[in-house]
Structures are given as C-alpha cells and as structure tokens.
Amino acid sequence: MRLINRKPSRATALMLGLLPFVALIIVYTIASQARLAENPSDRLLPSLQSMASAMEKMAFEPDRRNGEFLLWKDTFASLGRIGAGLGISTILALVIGLTMGTLPYGKAALAPFVAAFSLIPPITILPILFIILGLGEAAKIGLIVVGTAPVMIRCLAKEALDIPREMIIKAETLGASSWQIATRVIVPGVLPMAVMALRLGLIPAWIFLVSAEAIASTEGLGYRIFLVRRYMAMDIILPYVAWITLLAFMMDYLLRVLSRVAFRWKHLEGGGL
C-alpha cells in the first residue's frame, strides 16, 4: 500500500502529535542546562523547575500588595475582554454578513466599505481608539472587534451567497417571504460557518488583545508579560506564553465540539473541520 493511503490509528496519531512537543521540551532542557552550566544566573533560558516554581507563586500565592492571585486575575481579565470582543464581532458578522449575502442592495451598499475597512492594519487604529474611547476596557475590546469583525463578515457573506439558488427558489415557490427565507433557509445554512469564522478569529483576537494590554492596562496576560519584561523574567514570560497558547487551544477545541454537536449534519457531509 502506498504511503499516501496509509492512515495512522488513533493511538499512533496521538503519539505522532505529541512527538514535536516532547522534542521541543527536550531541546529546550538541553539548551537551558548548557547555558546555566556556564552561568547559573542566566535568565534567558530558565530551567523547567524555576518556571514551574514561578508559576506556582503566580497561581497559588497571593500578591503581597493586593492579596490577589495574579495568574487567575490576569486570565479572567483577558478572557473577559476576548469574549466580549469576539461576541460583538460575531453579532456584527451575522447581521452585516447576512445582509450582504442575502440582499443585493445590502451587498451593493456594504461590500465595498467592508472590503476597504478589512485592509486597514487594526493595530494602527489603536491610538485612535485610545483617544476616542479612553484607556479603559472599551478600547481593548474595540481593537479586537476591528481586527476580527471584517474577516468574519466577509466569511459569512460568502457562505450566504454560496447557498444553492435552488433552495431559495423552492422556498419562494412555497410562498415564503424574504424574512422567512433569511431565517429558515439562509441562517441555518451559515451558522456552521459562523462557528468556523469564530475559530479563525481566535488567533488575531489574542494578538490584538495582548497588544492592547501591553500598551495600556493594569491587568491581563499581555500586561503581565510586558510588565516583567523589564526584569528579564523569562521564568514568567515563557509560561505565560504557553498558558495563552493552551487557553487558545481549549477555546478552539470547545468551538469544534460545539460545531460537531450542533451541526452534525454538516460533518456527516464532510464539511466540518
């Protein structure tokens, strides 16, 4: 049998998936031990033990100044911002995307603006958001919306346009109004793509969140990373980066499970990821 036709078992796939992570840990451990052997005070590649100790303090020892557990405080602050930002982006994507994908007049009026707006680097808008919205939560959430909503809108608009015309004609033949066609034919057809668009927006959302927290914030995962940067505290920075990665992975996994449960028919057709 050709190699291209061979599929690994579930156990083999799991082992193969873990192999790069194990290799990365081994390489890092070797490099860290080599640097620390030359200079025990080296901070660039801290040992795994020192990173675990630092994260244990951040997670389970209250801060001396305010008595809060900093890791969880930062985590809840960042998750709240990213949840609000992606929630607003999803609502905008459903409303504007469906308008563009359903109504020809809506597409003519909104498509050029959305296409042009999506080309603006979102990070360049951050100073404007800070001036207009201040340095509070609104600006950080706004940056996530600006960075994720245009792409999500275009994804849902395209998905709505790709719905087979025959389905719409059948609904019209049965006497369905424009509202009924939109809510009973088009909306169910684009909801799986809404979840996919939300998954695709996770990574840019985290990027913009960390950028905003690094510039103006008093809590959050991005804020903490850039705060301890001045002390070269790699034993905190590296675990925080790993923690952000794990959170993003878990959010993506939960959305994938939601898609499989809610839109089982889509996955049976082979259209799910």
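With a sphere of radius 14 Å drawn around the Cβ of ARG35, what net charge do the other residues whose Cβ falls strictly inside it have (Lys, Arg +1; Asp, Glu -1)? Can you show the working numbers first?
On the way: positive: ARG43; negative: GLU38, ASP42, ASP235.
Cβ neighbours under 14 Å give a net charge of -2.
Of the residues ILE207, ILE168, ranked by 1.4 Å probe accessible area with the largest first, the sequence reads ILE207, ILE168.
Would you kindly state how much longer the chain becomes between ARG10 and MET232 on full extension, computed as 0.36 nm times their sequence separation minus their alpha carbon distance, in nm to one decimal? Write out the running numbers ahead of the final one.
Working: separation 222, 0.36 × 222 = 79.92 nm, distance 4.14 nm.
Taking 0.36 nm per residue and subtracting the Cα distance, the gain is 75.8 nm.
For region 235-250, 3J(HN,Hα) computed residue by residue from phi via the Karplus equation (6.51, -1.76, 1.60; θ = phi - 60°) reads 5, 9, 4, 4, x, 5, 4, 5, 5, 4, 4, 5, 4, 4, 5, 5 Hz, glycine and proline entered as x.
Along its principal axes, region 107-241 has C-alpha extents of 69, 31, 21 angstrom, given from the largest down.
For SER41, the solvent-accessible surface computed with a 1.4 Å probe is close to 90 Å², ligands and nucleic acids excluded.
Within the shell of other residues whose beta carbon sits under 13 angstrom from the beta carbon of PRO62, the net charge comes to 0, with Lys and Arg scored +1 and Asp and Glu -1.
In region 73-138, the convex hull through the Cα atoms has an average projected area of 5.4 nm², a quarter of its surface area. Based on the convex hull around the alpha carbon atoms, region 44-195 presents an average projected area of 13.9 nm². Taking Cβ atoms as reference points and 14 Å as the exclusive limit, the residues near LEU221 contribute a net charge of +2, counting Lys and Arg as +1 and Asp and Glu as -1.
Over region 1-94, all Cα pairs binned in 10 Å intervals from 0 give whole-percent P(r) values of 12, 19, 23, 28, 14, 3, 0, listed from short to long. In the frame of its principal axes, the chain has Cα extents of 78, 63, 32 Å, reported largest first.
To the nearest 10, the accessible area of THR218 is 110 Å² with a 1.4 Å probe.
Select from region 55-156 those trypsin sites (Lys or Arg not before Pro) which occupy a DSSP coil region and have at most 12 other Cβ atoms within 10 Å, ordered by residue number. Intermediate values should be presented prior to the final figure.
Details: sites: LYS57, ARG64, ARG65, LYS73, ARG81, LYS107, LYS140, ARG154; in loops: ARG64, ARG65.
Qualifying residues, ordered by number: ARG64, ARG65.
Above 15 Å, the calculated P(r) of region 6-47 contains 54 percent of its Cα-Cα pairs. Computed from backbone phi, the HN-Hα couplings of region 160-165 come to 5, 5, 7, 4, x, 4 Hz, rounded to whole numbers (Karplus: 6.51 cos²θ - 1.76 cosθ + 1.60, θ = phi - 60°; Gly and Pro given as x).
The values are calculated or read from the model by the stated rules, or taken from the named source; none is laboratory data. Remember, predicted model here, so these are calculated numbers, not experimental data. Virtual Cβ from ideal backbone geometry, glycine too; neighbours counted across all protein chains shown. Heads up: the accessible areas ignore ligands, DNA and RNA and are worked out on the full protein's heavy atoms, side chains in. Shrake-Rupley method; radii C 1.70, N 1.55, O 1.52, S 1.80 Å.
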